[in-house]
Amino acid sequence: MTVVEEKEGAVGTVIQYKQCVNVDRHQRWDRIERAELGERYGHLQAQGLSQRQAARVLDVPRSTLQAWLAYQEHLDESPVVVAFFHSVAGLAFLHRLVLALHLVYTEVGACGIRLVCLFLRLTGLNRFVGASYGTQQQVNRRVEEAIVAYRHEESTRLAREMPAKDITVAQDETFTGGLCLVGIEAGSNYILLEQVAQARDQDTWQRLMEQALTGLNCQVIQSTSDEAPGLLAYVEHHLGAHHSPDLFHVQHELSKAVSAPLAAKQRAAAKVVAEAEERLTRVHEHLDNANDTPEKRGPGRPPKVAASLEQVEQDREAARQEHHRLAAQREQVTQSIRALGHAYHFVDLERGVRRNGKLIAGDIQHHIDTIRTIAQHEHLSETCLGRLEKAERVLPKMQATIEFVSRYVRQQVDQLGVTQPESYALHAHLIPSYYLERVASTRTVTQGASLRELAERMRTPLFEPGGALSALPPAAQERLQQEASKLAEVFQRSSSNVEGRNGYLSLRNHQLRGLDHPRKRACLTAMHNFFLTRADGTTAAERFFGQKPRSIFAAILASVAIPPAPLSPPQRAMG
């Protein structure tokens, strides 16, 4: 093992000689080679060799060796720090640090290359690595090229050993940096498709999704999306899968149909209340002034101010009541819209029992009828009522989704070859318990505590002595738990992961002043799939392929050269 390999092992960094040649500067000596020669020179000097003799042993011109030593001596930094960053271990650390900055700052975060340059200057690292914008821009380009190459190679490698699986795809389009079609596997949150397109019709969806799914050992059984005509036609005519409507879009349509108009009415009523309060204040001021300077008057009717005061107070009270009434109506609509989300669950969240499609559809219809009654009572426009009917038309699809999920779960459990008591335990207790945990994971710790407790109460007795699954071997119990957890994810009521992705792309589009560069968009996709992790430490690629991918950072370190040294680093004043 060479000295370079020993030093690399110490810092855990792979540095390849052939890729570390600085072709931009046309330097004869590679930085790692210079560092190794410098360390060897130190050993030779300790053995008593002169500079001339050491240069001959190292096969380096003495003038070159003197220039290296003078360069280090003149740097405006502690000699210990200079020695470290001109050693093999120091260069390996510098290599890892600079590439990590680019990975975290510019690819994960929303920072620019100039902030990387600023970091290098503030830390004094600009003495050892070029901190100009041009230099770091070249480093960033190589990092992004390495990320794109890694994504292609690793996706192909993982796909070859991918176990067969049925998947649900959440689909939508975004318009950041041009029209972009997005498809994400719902369970793992793995981005299958994120590509710029010229159109969003069914043929375009078919062409791009077919390319995205090529080589993957998976079958799309369900698509979750909004009611876009192109998507619906693609799912029906090309994909041949079940289409699950997006609950969010139903709720959003109802909010636009009723909540928004009621909010406008409530704001108008609040304005009337404010005007009545102002009139009442003016009347009181007028009365106070009149009491200070009383006027003589003859017999007859009481002053008009008193009558006016009484009328203004009545108007104010009427305006307040109208405002309170509208606020109550709007709150009832809001609660009904939220209740839709509470009703549209595969499992009852209070009791932990499975629910059928007809019961769920009935509950949802009840809430929609409540909203319609309020809309009609408030005499909302035909446009608002049309939006309400548009949302209501999705109700049969929601019922069909519950029935599809129940049918699919039943088929999968039947294929497990379990006994009747074990099958019942899976359907009635184990699968619902994992569904409750899945819902709890989307809420805060406090809000999800009751769901987790209910899930634990349902699942624990199954594996205790005398339980329905207690007689099975530990391996079989673990297999059933894994299958139950997987089946609990079949019901997908929202494409929120795609909506969240669209929001993230919108932020990056703003920061980068456009996402029209294909390499940058491909980098963002690769970072989402192979670098970002959940709380359990898994990436989307690991969850989707069922295998742990190679480290993306290690791949970048292996393929991107050490950034070049500065041409004019800060030096000590000579004298």
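Data for the structure
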read-out: Cα-based Lys pair tally, the chain, threshold under 16 Å, eight or more apart or on separate chains; value: 5
read-out: The chain: relative contact order in percent, alpha carbon pairs under 8 Å with at least 6 residues between; value: 23 percent
read-out: In Hz, Karplus ³J(HN,Hα) per residue of segment 410-421 (6.51, -1.76, 1.60; θ = phi - 60°; x = Gly, Pro); value: 4, 5, 5, 5, 4, 6, 6, x, 8, 6, 4, x
read-out: Share, in percent, of DSSP beta bridges within segment 162-285 that are antiparallel, nearest 5; value: 55 percent
read-out: Cα centre as origin, Lys/Arg/Asp/Glu Cβ charges: the chain dipole, Debye; value: 1220 debye
read-out: Distance from segment 149-178 to segment 393-420 (C-alpha centre basis), Å; value: 26 Å
read-out: Accessible surface of the chain [probe 1.4 Å, protein heavy atoms]: carbon and sulfur percent; value: 53 percent
read-out: Antiparallel DSSP beta bridges within the chain, as percent of all bridges there, nearest 5; value: 60 percent
read-out: Virtual spin-label span in nm between HIS43 and ALA327, 7 Å along Cα→Cβ; value: 8.2 nm
read-out: Listed residues GLN45, LEU125, GLN376: farthest to the positive end of the dipole of the chain (Cβ charges); value: GLN45
read-out: Relative contact order (percent, whole number), segment 434-545, Cα cutoff 8 Å, 6+ residue spacing; value: 15 percent
read-out: Degrees separating the helix 133-160 axis from the principal Cα axis of the chain, which is the longest one; value: 80 degrees
read-out: Theoretical ellipticity at 222 nm over the chain - DSSP helices of four or more residues, -39500 (n - 2.57) apiece, nearest 500; value: -19500 deg cm²/dmol
read-out: Positive-end residue of SER78, ALA186, THR204, charge dipole of segment 61-216 with Cβ unit charges; value: SER78
read-out: Kirkwood-based Rg to Rh ratio, segment 400-480, C-alpha trace; value: 1.01
read-out: Angstrom value of the Kirkwood radius, inverse mean 1/r, which spans all Cα pairs in segment 461-575; value: 19.6 Å
read-out: Ranked packing of 107-115, 94-102, most packed first, by mean Cβ within 10 Å; value: 94-102, 107-115
read-out: Relative contact order (%) - segment 168-281, alpha-carbon pairs under 8 angstrom, separation at least six; value: 19 percent
read-out: Cα-centred dipole magnitude for segment 37-142, charges only on beta-carbon of K, R (+1) and D, E (-1), debye, nearest 20; value: 220 debye
read-out: Degrees separating the helix 518-530 axis from the principal Cα axis of the chain, which is the longest one; value: 80 degrees
read-out: The chain: angle of helix 260-292 to the longest principal axis, Cα-based, in degrees nearest 10; value: 70 degrees
read-out: Unit charges on C-beta of K, R, D, E only; dipole of segment 425-575, Debye; value: 720 debye
read-out: Alpha-carbon centroid distance for the pair segment 346-372 / segment 185-248, whole angstrom; value: 28 Å
read-out: Hz values of 3J(HN,Hα) by residue in segment 324-330 - Karplus curve (6.51, -1.76, 1.60), Gly and Pro given as x; value: 5, 5, 5, 4, 5, 5, 5
read-out: Rounded FRET efficiency, nearest 0.05, which uses the C-beta distance separating ARG513 from ARG410 and R0 of 51 Å; value: 0.45
read-out: Candidate values (i) 19, 49, 26, 5, 0; (ii) 21, 54, 22, 2, 0; (iii) 15, 34, 26, 17, 6, 1, 0, label of the one derived for P(r) over Cα pairs in 20 Å bins from 0, in percent; value: (iii)
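The values are calculated or read from the model by the stated rules, or taken from the named source; none is laboratory data. Just so you know, these numbers come straight off a predicted model, no measurement behind them. As a convention, Cβ positions derive from the backbone with ideal geometry for all residues, glycine included, and neighbour counts pool all protein chains shown. The accessibility values were calculated without ligands, DNA or RNA, using every heavy atom of the protein model including side chains. Shrake-Rupley method; radii C 1.70, N 1.55, O 1.52, S 1.80 Å.
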